[in-house]
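Here is the structure we will look at, set down as structure tokens.
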């Protein structure tokens, strides 16, 4: 009896050891497969094949979600493929598992890419405070302040950045935009001129300066700068738009039409391009074309009362009383709801 029990116990022990070995072997196999998939993801990412890299990392996660650095690599591949929302989610998971400045910076950059500038600023503030010498973080934080309408903070940080590098065209340009947001247009022009002196070929620089001159109704200087921008970037829709507007104000209607049509074709959401086209067509008594352009302007910006009002006046002129009254009712409602806002952000996200 004792021998029998001893044999059974030994058999059970061997069975347990065997089962444990099988489980450990499966675990080892899953981890090895996960490492292989993660390695493939790294290779694909280095080749710029970010979509394929994401899939490889996701397969690795399914096999072993605890593999170190996996969420970081996944987030990087998603970020580089422009998928900022999923990248942010991956970086949040990585930071919860292994907190670090690099991951927090990448998370902030993802929020920036999503246009969530206040959230990005909140993430960057402690990083900038801990690394005051890191100009890249301070620059990104300043842009977050600017584009989240925290203009005073943006100005303070841009001044700090310019104290370190007085010849930075990008910082002068953004400083100018911040000053323009404060309606300090003359000072903004001075900043853009400083940027121009540092680097005349800086993208969007001539456009920004031209726009500031346009704001001051200095149409001669505005046209010069806008044309300079179009020399290096003939497809710049906003430069075409404001050049067309200047030409219209100078009664050079045919030249204005050519520029405005290009602008409206390149970016159909440009309200002012359609509005100006409508005004020129109305002046030329091409009323059907004018009405169509007023409608396009309204589609681009339903809350802009100018197109509704001018369309109402045109309907009155054409004897379309009911249509005119309908547009005037919209104008009245929009006036009641009117809020002040800047017409354009010079270098902000478009």
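A few notes on this one:
- Only one of the numbered conditions (1) at pLDDT 95 or above; (2) under 28 Å from residue 149 (Cβ atoms); (3) in a helix (DSSP H, G or I) is not met by residue 281, and that is (2).
- Which listed residue, of 80, 93, 143, is out of contact with any helix residue (DSSP H, G or I) (no Cβ under 6 Å at 6 or more places or on another chain) and modelled with pLDDT of 95 or more: 143
- Taking the criterion of being loosely packed, with under 14 Cβ neighbours inside 10 Å and farther than 19 Å from residue 251 by Cβ, the residues of the stretch 269-302 that qualify are 269, 288, 299, 302.
- Sub-9 Å Cβ pairs linking a first residue in the stretch 196-221 that is on the phi > 0 side of the Ramachandran plot to a second residue that is buried (at least 19 other Cβ atoms within 10 Å of the Cβ) and in a helix (DSSP H, G or I), at least 6 apart or interchain, are 204/173; 204/229; 204/238; 204/239, ordered by first then second residue.
- Some residue of the stretch 225-238 being in contact with a helix residue (DSSP H, G or I) (Cβ under 8 Å, 6 or more places away or on another chain), within 20 Å of residue 282 (Cβ to Cβ) and surrounded by 16 or more Cβ atoms within 10 Å (Cβ to Cβ): no
- The stretch 47-68, subset in a loop (DSSP other than H, G, I, E, B) and over 9 Å from residue 34 (Cα atoms), residue farthest from the chain's Cα centre (by Cα): 66
The values are calculated or read from the model by the stated rules, or taken from the named source; none is laboratory data. Predicted model, so just to flag it, every value in this text is computed and none were measured. No Cβ is skipped: glycine too gets one built from the backbone with ideal geometry, and neighbour counts run over all protein chains shown.
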